[in-house]
């Protein structure tokens with residue numbers, strides 16, 4: 001099996017399979033789920049049975065159904081966040097690189113200060129002020145995460161703006177947008193794609209952690225981090241209930257990481273030392 | 001060199017000032033009114049006015065910022081909105097608890113992570129290196145709470161050696177404290193060690209591919225000697241920054257881990273305040289975490305200036 005003209009090693013195949021399955025479940029969830037997400041069908045933490053493969057949750061809803069609906073919520077929020085973060089980060093990063101001078105200095109200093117507060121702590125501060133809702137969650141994490149994308153995009157842009165073809169485009173009198181879109185972006189695409197995978201993982205874990213802390217996605221929506229939190233008391237009876245959603249989170253991040261690891265390794269081959277960036 | 005270090009320390013102080021301003025802007029100046037958030041929709045305009053005056057919200061923002069900063073520098077973080085108690089009195093013992101947990105984890109994780117990292121760089125490509133690569137990749141990919149719950153299932157339920165809740169209280173003996181905090185510390189150790197191992201390995205390997213290391217090999221030196229004399233002294237700088245990064249990561253990891261094990265630290269206090277929307281407490285905890293973070297980074301920079309003679313002269 002080949003992808004982008006490269007043979008896939010075993011670990012990359014495993015990663016690809018995990019990501020594909022998760023995406024399918026997230027998209028087709030409601031048709032796959034055996035029950036409704038808010039329907040109580042058994043006892044609290046019912047043991048697994050033919051009707052409820054993974055047993056029940058803390059109020060007797062079907063664990064498998066909740067996991068399937070949770071995939072949609074958790075993966076959807078992480079994907080939306082990462083997309084928004086890349087939009088902001090790439091635009092500002094390339095703008096800083098192309099314009100240089102005070103624009104670059106101003107943006108870079110703001111990012112430096114934002115990066116000197118740990119991301120989770122920063123998110124807690126913002127959510128503490130605004131309260132938690134899904135739009136606030138997405139915008140907060142996206143803005144915080146865009147600082148990292150900014151750093152990468154700026155570094156990539158800096159290396160590209162000094163090249164002749166960008167110079168030529170500028171001398172032709174092309175505007176800022178044209179230069180960013182037609183000259184810089186296509187040449188920076190490869191490292192940005194693998195970065196997208198890493199940032200997605202990070203944001204996905206971040207959303208899960210916030211929901212686990214009770215300040216992310218709020219009930220009645222099913223999401224994996226919140227499910228771990230809600231089912232946590234079961235652990236004291238030696239039950240596995242909170243481990244299923246935690247395992248789902250862990251599997252997806254491992255899968256994406258395996259895939260990204262491989263992408264980075266094929267990305268590194270042609271230009272050697274570039275991979276470190 | 002002292003001048004360079006002083007400059008770096010000064011830069012750290014400026015960063016901290018900027019961070020405090022940013023936290024203040026986020027909590028006070030952004031739209032959203034603390035008074036109406038606390039009093040709820042039933043509040044009358046009269047109530048709101050009195051409450052705002054009580055909080056000093058009727059003053060301009062920059063005056064409130066300097067008042068706040070002045071208070072913080074004197075150890076006064078204001079009062080909690082929900083229980084009216086002095087924040088510093090609640091924050092201080094929790095801060096010590098968090099510091100205890102983080103140092104407990106750091107003491108175990110730093111030698112383990114750096115040591116194993118160097119070891120797996122030395123054994124690059126062998127089975128043990130590839131094995132540790134996969135194990136650490138899994139360990140850094142999974143959320144902290146997953147590691148925490150697995151440890152609870154194994155070490156507190158299946159083999160009831162450690163308590164699953166890390167309840168510490170004042171007047172507890174040091175040995176008992178260590179025992180109770182073992183599971184949360186172990187969770188942090190696993191996650192941080194894996195990350196440190198990977199970063200140390202890659203920074204040692206990047207030094208191993210430099211021309212002077214190749215030269216040392218070509219001179220006929222043994223592998224151990226090349227590594228001990230040529231590679232490691234140059235890897236010290238990057239390794240120090242890795243350690244600092246991971247200690248900073250520990251500070252954040254602590255928030256989640258404290259909530260898994262119901263450990264009475266700053267992280268739990270902050271999350272609690274966030275869900276109650278107790279802004280002054282959130283502000284205070286945020287500032288504490290950010291200060292520790294900035295402090296660690298500054299210390300790491302100064303340490304790498306000291307170990308690397310090439311950084312001592314500003315270019």
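The values are calculated or read from the model by the stated rules, or taken from the named source; none is laboratory data. Since the model is a prediction, treat every value here as computed from it, not as a measurement. Using ideal geometry, Cβ is built from the backbone for each residue, glycine included, and neighbour counts are taken over all protein chains shown.
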Per the filter on the stretch B:263-279, residues in contact with a helix residue (DSSP H, G or I) (Cβ under 7 Å, 6 or more places away or on another chain), at the interface with chain A (Cβ under 10 Å from one of its Cβ atoms) and either under 16 Å from residue A:126 (Cα atoms) or surrounded by fewer than 21 Cβ atoms within 10 Å (Cβ to Cβ) (or both) are B:267, B:270, B:271, B:273, B:274, B:277, B:279
Taking the stretch B:284-297, which residues are within 7 Å of chain A (Cβ to nearest Cβ), closer than 18 Å to residue B:71 by Cα and touching a residue at least 40 places away in the same chain (Cβ under 8 Å)? B:286, B:290
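Given the criterion out of contact with any strand residue (DSSP E or B) (no Cβ under 9 Å at 6 or more places or on another chain), at negative phi and outside any helix (DSSP H, G or I), identify the matching residue among B:233, B:264, B:238.
Numbers: B:233 fails: outside any helix (DSSP H, G or I); B:238 fails: outside any helix (DSSP H, G or I).
So the residue among B:233, B:264, B:238 that is out of contact with any strand residue (DSSP E or B) (no Cβ under 9 Å at 6 or more places or on another chain), at negative phi and outside any helix (DSSP H, G or I) is B:264.
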Suppose we filter A:223, A:267 for residues that are more than 10 Å from every other protein chain (Cβ to nearest Cβ), at pLDDT below 80 and either in contact with a helix residue (DSSP H, G or I) (Cβ under 7 Å, 6 or more places away or on another chain) or within 13 Å of residue B:138 (Cα to Cα) (or both); which single one remains? A:267
Out of A:122, A:86, A:94, I need the residue that is buried (at least 24 other Cβ atoms within 10 Å of the Cβ), under 30 Å from residue A:173 (Cβ atoms) and either more than 14 Å from every other protein chain (Cβ to nearest Cβ) or at pLDDT 80 or above (or both). Which one? A:94
Quick check on my filter: what residues within the stretch B:141-170 are under 30 Å from residue A:14 (Cβ atoms), in contact with a helix residue (DSSP H, G or I) (Cβ under 8 Å, 6 or more places away or on another chain) and more than 8 Å from chain A (Cβ to nearest Cβ)? B:147, B:148, B:151, B:155
Please determine whether any residue of the stretch A:232-242 is without any contact (Cβ under 8 Å) to a residue 24 or more places away in the chain, farther than 16 Å from residue A:133 by Cβ, under 19 Å from the mean Cα position of the chain (by Cα) and within 10 Å of chain B (Cβ to nearest Cβ). no
Looking at residue B:168 and the list (1) touching a residue at least 40 places away in the same chain (Cβ under 8 Å); (2) under 26 Å from the mean Cα position of the chain (by Cα); (3) loosely packed, with under 15 Cβ neighbours inside 10 Å, which single condition is not satisfied? (3)
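Residue-by-condition table, conditions (1) touching a residue at least 40 places away in the same chain (Cβ under 8 Å); (2) on the phi < 0 side of the Ramachandran plot:
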position: A:28; (1), (2): no, yes
position: A:45; (1), (2): yes, no
position: A:77; (1), (2): yes, yes
position: A:93; (1), (2): yes, yes
position: A:110; (1), (2): no, yes
Just the residues that are surrounded by fewer than 12 Cβ atoms within 10 Å (Cβ to Cβ) and modelled with pLDDT under 80, please, taken from the stretch B:128-158. B:158
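Scan B:192, B:213 and give me the residue that is within 30 Å of residue B:258 (Cβ to Cβ), surrounded by 16 or more Cβ atoms within 10 Å (Cβ to Cβ) and either touching a helix residue (DSSP H, G or I) at 6+ places or on another chain (Cβ under 6 Å) or free of Cβ contacts under 8 Å to residues at least 40 places away in the same chain (or both).
Result of the check over B:192, B:213: B:192.
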